[in-house]
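Just so it is clear, none of the values below were taken in a lab; they were calculated from the coordinates. Please read all numbers here as calculations on a predicted model, not as lab measurements. Every residue, glycine among them, receives a Cβ derived from its backbone with ideal geometry; neighbour counts consider all protein chains shown.
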Amino acid sequence: MEHDREFISYRQKLKDLFLISLKLGAFTFGGGYAMFPLLVREYAQNKKYFSDEEMLDILAVAQSLPGMIAINACILIGYRLCSLPGALVAVLGMALPSLIVMSVISFFYVRFSTNEYVISALKGIRVAVIALLIQAVIKLGKQGVKGAFGWIVAVSAFLFSVFSGVHLIFIIIAGGLAGILYSYLINKENTAPDNSGETK
């Protein structure tokens, strides 16, 4: 009986992975950053599979890896929930709508690209995507930027990304190294002996 319940739960997770990815892949525009608030809502708030902090970690890893953020996030989420089958199912659900839509658009490319209604719709979609990105920045900022160190890294990364020619991957790596160094210094300070020779 216990084995049956585990199998049902596993099968339910696979079903959720496919349906959530399919829905987001079909109705979300703007790529991984615009999609991420919806991923958080589905997996953390609705299904309770992850916490908001875990989803933030998934985004951090997804954007640090080569490839599309949305696909990377789906692979990480699917693998965490159902190992390799989960990753494959999540990616299939995410990629299937785009594959179908792009196949149709490619077939009628000339007509679609010059249609005034399509052009107007895309202009509206771009504005909506900006709103989703702002929402993602606010939500992620509340979860990820904590304390003076967090704000220093966040502001420095923003300034470098906007006003310098440094590639984003180097900014991400620098942020990771800064976090490691900060953690090392804090741990060293906490374990340093005091004047009486005892550790703190």
Q: Sequence neighbours fewer than 8 away in the same chain don't count; with that in mind, list the lysines whose C-alpha is under 27 Å from Lys188.
A: Lys146, Lys200
Q.
If packing is taken as the average number of other Cβ atoms within 10 Å across a peptide's residues, how do 41-50, 86-95, 151-160 rank, most packed first?
A. 86-95, 41-50, 151-160
Q | Value of relative contact order over the chain, rounded to a whole percent, pairs C-alpha under 8 Å and six or more apart | A | 21
Q: Using per-residue counts of other Cβ atoms within 10 Å, averaged over each peptide, order 180-187, 71-78, 20-27 from highest down.
A: 71-78, 20-27, 180-187
Q: Take Thr114, Thr28 and order them by how many other Cβ atoms sit within 10 Å, fewest up front.
A: Thr114, Thr28
**Q.** Estimated inter-spin distance, Lys23 and Ser106, nm [label 7 Å along Cα→Cβ]
**A.** 2.9
Q) Setting aside same-chain residues fewer than 8 positions from Lys15, which lysines have a Cα under 29 Å from its Cα? A) Lys23, Lys47, Lys48, Lys139
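Can you tell me how much longer the chain between Arg80 and Ile172 gets when fully stretched, taken as 0.36 nm per residue apart minus their C-alpha distance, in nm with one decimal?
On the way: separation 92, 0.36 × 92 = 33.12 nm, distance 2.30 nm.
Gain on extension, Arg80 to Ile172, equals 30.8 nm.
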Q) Angle, helix 168-191 long axis vs. longest principal axis of the chain, Cα atoms, 0 to 90°, nearest 10? A) 30
Q: Based on the mean of other Cβ atoms within 10 Å per residue, sort peptides 125-135, 57-67 so the most packed one is first.
A: 57-67, 125-135
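With the Cα gyration tensor of region 2-144 in hand, convert its eigenvalues to equivalent ellipsoid semi-axes via √(5λ) and list them largest first in whole Å.
On the way: eigenvalues 169, 79, 30 Å².
Each semi-axis is the square root of five times an eigenvalue, giving 29, 20, 12 Å.
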Q | Chain lengthening between Ile138 and Ser183 when straightened (0.36 nm per residue, less Cα-Cα) | A | 13.7 nm
